Amino acid sequence: MIYSPTIISIIEVLSVTIPVLLAVAFVTVAERKTMASMQRRLGPNIVGYYGLLQAFADALKLLLKEYISPTQANVMLFFLGPIITLIFSLLGYAVIPYGPGLTLWDFDLGILFMLAVSSIATYGSLRSTAQLISYELILSSAILLVILLTGSLSLTVNIEAQRAIWFLLPLLPVLAIFFIGSVAETNRAPFDLAEAESELVSGFMTEHAAVIFVFFFLAEYASILLICILNTILFIGGYLIDYSLAVYIANSILYVLNELFIFDSPSLLWLLDRLNFNELSYITLEGIIYGLTIGIKSSAMVFIFIWVRASFPRIRFDQLMSYS
Amino acid sequence: MTSQTFFFIFIPILAIILLALNLILAPHNPYQEKDSAFECGFHSFLGQNRSEFSISFFIFALLFLLFDLEILLVYPYIVSAYVNGIFGLIIMLLFFLVLTLGFAFELGKNALSIESRQVHYIK
């Protein structure tokens, strides 16, 4: 096998990008199913098992649809806008640490990079620009406090600083402010004034058809996922999980079973010897646990985003502005 | 090529591939009604889009953009807060004092009010 850094980096990039796109697709399905359950409907349940493949069906359908370029639009800008939105919302995934040092780009200024990218990714019309800039201020001043505690702009350092305690506890009010800010930043209900359905007919993306619309859709959900992960990293401890209690419980159960004469046969004893749970510091197993942890935490954040959308009525624009 | 370089090249390529797929696979037979601008029940006529917008949104965005930049100016202090000590703190407080004065001026000028078109019956 040819060992070349380029091939390695290609594999790395693919192993980040493809799961990200899959996750974004499943976030859309999850949102529709969760909203449906909260409103006592069924939601998508035909395509695949329990409607799991609905997102792929939609994407394929939109890929085969006719594209429309209105005569009164700037064609270049009309096609470039969604592409730029998509690109910038996906670029943010470069700096996320999925484990200690397990990132595409271990960037010292990761938080600044995330802020810049996530704000560009959601610019829509003038209306939403005014909204975004004012809420961006809230986001960056909430992050300011976290950085004051950790003293670094690197995301990995921010997570490692939470080994003692997750910032969820000492900075709970800041988490609330940051969460509201991030809901507003990603144009979600109850702050989705840029695409208020009944009033503006989906806002700035009305005339975008086919794959151009897919770009907007993907970009929106990718930035939701990105900002959920940012929430997780800054406040809920990112990939950190304290499994020492689980190890202790498992070991004591094994000890009790051992004492209770169950394991007489030598093969089982040998298996137990191999299964010593103190060896959880195996680097592979630890990596898997870290990855699963950040996944579960950010899924919980996504669920809260959907929950907020299902619960609150939309607010008026001047209310939104005076609120900020 | 490092992986971040490849990532930054790969994402635009991905978007362009998707766009090209759509251009190749999809039918395309436009006519006048389809290509005209979206309008509820009317024929749209030339010059109807690119209309004027409310200037208060623009002012709002402009003012908050400045505030955003000023928050970014505080970031270097925050990162090195432990090293800078009391001197840095005093300087930053002075900076915030100037900021607050400017904000009070904006509030006094009524620059930050987007007027509601709804009538307030209940006060």
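Just a few scattered comments:
- Label-reachable residues, region A:87-103, where backbone N falls under 14 Å from a point 7 Å from residue A:286's Cα toward its Cβ: A:99-102
- Shape box of region A:38-95 [Cα atoms, principal axes, largest first, Å]: 42, 37, 24
- With a Förster radius of 45 Å applied to the beta-carbon distance between residue A:247 and residue A:77, the computed FRET efficiency rounds to 0.20.
- Across region A:21-33, rounded Karplus estimates of 3J(HN,Hα) from the backbone phi angles (6.51 cos²θ - 1.76 cosθ + 1.60, θ = phi - 60°) give 5, 4, 4, 4, 4, 6, 5, 5, 5, 4, 5, 5, 5 Hz, Gly and Pro being marked x.
- Delta accessible area of at least 30 Å² on complex formation, residues of region B:55-91, 1.4 Å probe, chain isolated as reference: B:57, B:60, B:61, B:64, B:68, B:71, B:75, B:78, B:79
- Using a simple spin-label model with pseudo-atoms 7 Å out from Cα toward Cβ, residue A:15 and residue A:152 lie 2.4 nm apart.
- Hz values of 3J(HN,Hα) by residue in region A:297-309 - Karplus curve (6.51, -1.76, 1.60), Gly and Pro given as x: 5, 6, 5, 4, 5, 4, 4, 5, 4, 5, 4, 4, 5
- Chains B and A together bury some 5200 Å² of accessible area, summed over both sides, with a 1.4 Å probe.
- For peptides A:251-258, B:70-77, A:213-220, A:95-102, sequence by mean Cβ density within 10 Å, most packed first: A:213-220, A:95-102, B:70-77, A:251-258
- Couplings 3J(HN,Hα) for region A:180-190, derived from phi with the Karplus relation 6.51 cos²θ - 1.76 cosθ + 1.60 (θ = phi - 60°), are 4, x, 6, 5, 5, 5, 8, 6, 8, 4, x Hz, where x marks Gly and Pro.
- Buried on assembly, region A:214-236 (at least 20 Å² less accessible surface than by itself, 1.4 Å probe): A:215
- Mean sequence separation of contacting Cα pairs (under 8 Å, at least six apart), scaled by the length of region A:4-76, corresponds to a relative contact order of 19 percent.
- Where the alpha-carbon atoms of region A:1-44 are placed on the principal axes, they occupy 56, 13, 8 Å, in descending order.
The values are calculated or read from the model by the stated rules, or taken from the named source; none is laboratory data. Quick caveat, the model's predicted, so the values are computed rather than measured. A quick note on method: Cβ atoms are made from the backbone with ideal geometry, for glycine too, and the neighbour counts reach across all protein chains shown. The accessibility values were calculated without ligands, DNA or RNA, using every heavy atom of the protein model including side chains. Shrake-Rupley method; radii C 1.70, N 1.55, O 1.52, S 1.80 Å.
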